[in-house]
Every structure is written in structure tokens, then in C-alpha cells.
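These notes concern the structure reproduced below.
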Amino acid sequence: MQLYNFFRSGTSHRLRIALELKGLSYDYVAVDLRREQHLGADYRARHPQAMVPALVEGAQTLIQSPAILEWLEERYPTPPLLPADPDARARVRALAAVVGCDIHPVNNRRILQYLRQHMGCDEAGILRWCQQWIGDGFAALETLLAQDGQRGPFCFGGQVSLADVYLIPQVESARRFQVDLGPYPHIVAIDQACNALPAFQRAAPALQPDAAGTT
């Protein structure tokens, strides 16, 4: 497998975590968003949306991180990232969707670039934008986590799930956008529990080959 990704991309980070958790090896192919490599004709031929990540296996190219994560779960079910019980699966998917549908999409790079280039937002305004939507989503997540009396150290139950795969990259992004994490002790505790695991450590943005020389 080849993973076309960018070290700081939250959606790329999700896939790296899932691949590491499932023990799958892959070739890391860096797509430098800062240099707009994703907008080149070669990459657009692979991914018509000109976005990362893209996962290539054999002759097929998979796009959109939710679809790729579901494919990984179905193709490589061990260890599972979704519980067996349908109600529990719905709970995990809902926690993941708070990040994947409601937080990340309005704070990703192309949205922020549009705000800068077409809406006249300065960097202070960009920070306020990101802090607003991350804060709203984290407040809801914190409530959902607090209501689950059977939750272990992770988002659901006692094992890592798809919800954690979505959450940890968003916490990384929250820190980059200077979000105060003080009001979210459950999220912070989950972040600490996940980042104690080698799979999450290996997937961390700062350890990726294209992160060299960045701060």
C-alpha cells in the first residue's frame, strides 16, 4: 500500500493511526500542501478533489478518509475498530462523526485559505474561527463522554475504537490553534491514554518524514 498524505493533515493522521493499529505496512508518499503539490495535474489524476489522503493498493486508489477507514475495517478486521454490537457501533460512529462531520471540515486548510484569500480574515480571525468550532464540538464530545459511566480510558469501552482514531488528530489540531483544553478533562485524558500507545506515537505528525525542519 501507498499512503499519499501530509504530515499535518488531520485526515492523513487518522489513516496513519488506523494503519498502525492494524499492523499494516505502507509506503509513505508525502504530498506537500504548503507547496500546493496536491493541485498538480499528476495528483489530480489520482484524486480529482485534489485532497489528501489517498490510499493506493494495487490498481485501485481509495479516497475520503471515512470510506478508507471503513474499507480497512472490512478488509482487515483484526484488531477491530468498531464493536460487534450494533448499538455500540452506532455510538462509536456518532462520536467519530462529531469530529469528522462537524469539527474538522470547517477548519481544514482549504476553508482557512478561502477565509484568508477571499474573506479578508487575518491570522487572529483564523484562530478565533478555529477555536469557535473546535470548542463547540469538544463541548458536545465532553458531555457525551461524561455521560458514559462504563467508559474506560478511551472514547468507548476499554479498547481503542474508530472514535479515538478521529479524536486524537483533532486534539493535535486544537493545540496548534491554541484552543484551551482545560474545559475538556475527559478528552485530555483520552488523548494521554492513546498517545501512550506505540501505534499513536508512530503516527504522530512530528515524526513523519515531511515534518523535518518544521516547528
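FYI, it's all coordinate maths here, none of it is from the lab. These numbers come from a predicted model, not from an experiment. Cβ atoms come from the backbone with ideal geometry, glycine included; neighbour counts cover every protein chain shown.
Numbers at a glance
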| read-out | value |
| --- | --- |
| Magnitude of the charge dipole, the chain, Cβ model with Lys/Arg +1 and Asp/Glu -1, debye to 20 | 360 debye |
| Computed helical MRE - 222 nm, the chain, DSSP H runs ≥ 4 contributing -39500 (n - 2.57), nearest 500 | -15500 deg cm²/dmol |
| Extreme residue, positive dipole direction of the range 86-200, given options 131, 117, 149 (C-beta unit charges) | 117 |
| Residues 119, 51 arranged by fewest to most Cβ contacts within 10 Å | 119, 51 |
| Contact order normalised by residue count of the chain, Cα under 8 Å, 6+ apart, percent | 26 percent |
| Per-residue Cβ neighbour rank within 10 angstrom, fewest leading, 70, 123 | 123, 70 |
| Within the chain, percent of DSSP bridges classed antiparallel, to nearest 5 | 65 percent |
| Selection from 33, 48, 64, by position along the positive dipole direction of the range 22-75 (Cβ) | 33 |
| GNM top mover of 150, 37, 159 - the chain, alpha-carbon springs below 10 Å | 150 |
| Beta bridges by DSSP in the range 2-79, antiparallel share as percent, to the nearest 5 | 65 percent |
| Choice from 66, 48, 169 showing the highest fluctuation, given a GNM over the chain with Cα pairs closer than 10 Å | 48 |
| Relative contact order (%) - criterion: Cα under 8 Å, at least six apart; region: the range 2-79 | 36 percent |
| For 93, 34, order by how many other beta-carbon atoms lie within 10 Å, fewest first | 34, 93 |
| About the Cα centre, charge dipole magnitude for the range 1-59 (Lys/Arg +1, Asp/Glu -1 at Cβ), debye | 180 debye |
| DSSP-loop trypsin sites (Lys or Arg not before Pro) across the range 115-166, with at most 10 other Cβ within 10 angstrom | none |
